Amino acid sequence: MKVTVDKIEAEKARLLIRPEEKLDFYLPLSELPEGTEEGSILNIEFELNKNEKKAAQKRVGNLLNKLKNKNN
């Protein structure tokens with residue numbers, strides 16, 4: 001995915017999804033490459049993290065079990 005850095009304010013960058021640049025989202029400037037400025041074009045890649053998902057599911061399951069047991 002490619003994005004354009006539209007503006008930077010209060011340490012947050014508004015990113016527009018290319019090529020249409022109709023959808024936007026914000027990220028902390030600290031998460032972007034050094035030297036990023038308004039008008040920069042960035043490549044963004046996503047990676048599925050199955051281990052983190054399993055850990056989150058286990059954590060949520062444990063919380064649900066505690067809630068169920070608390071109500072009994």
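Test residue 9 against the stated conditions and say whether it is of a type in the set (Asp, Glu) and surrounded by 10 or more Cβ atoms within 10 Å (Cβ to Cβ).
Yes: the conditions hold for residue 9.
Assess whether residue 3 counts as being in contact with an Asp or Glu (Cβ under 9 Å, 6 or more places away or on another chain) and either surrounded by 10 or more Cβ atoms within 10 Å (Cβ to Cβ) or not in a loop (DSSP other than H, G, I, E, B) (or both).
Answer is yes for this residue.
Just so you know, all these numbers are worked out from the coordinates, no wet-lab data involved. Values in this document were obtained by computation on a predicted structure and should not be read as measured data. No Cβ is skipped: glycine too gets one built from the backbone with ideal geometry, and neighbour counts run over all protein chains shown.
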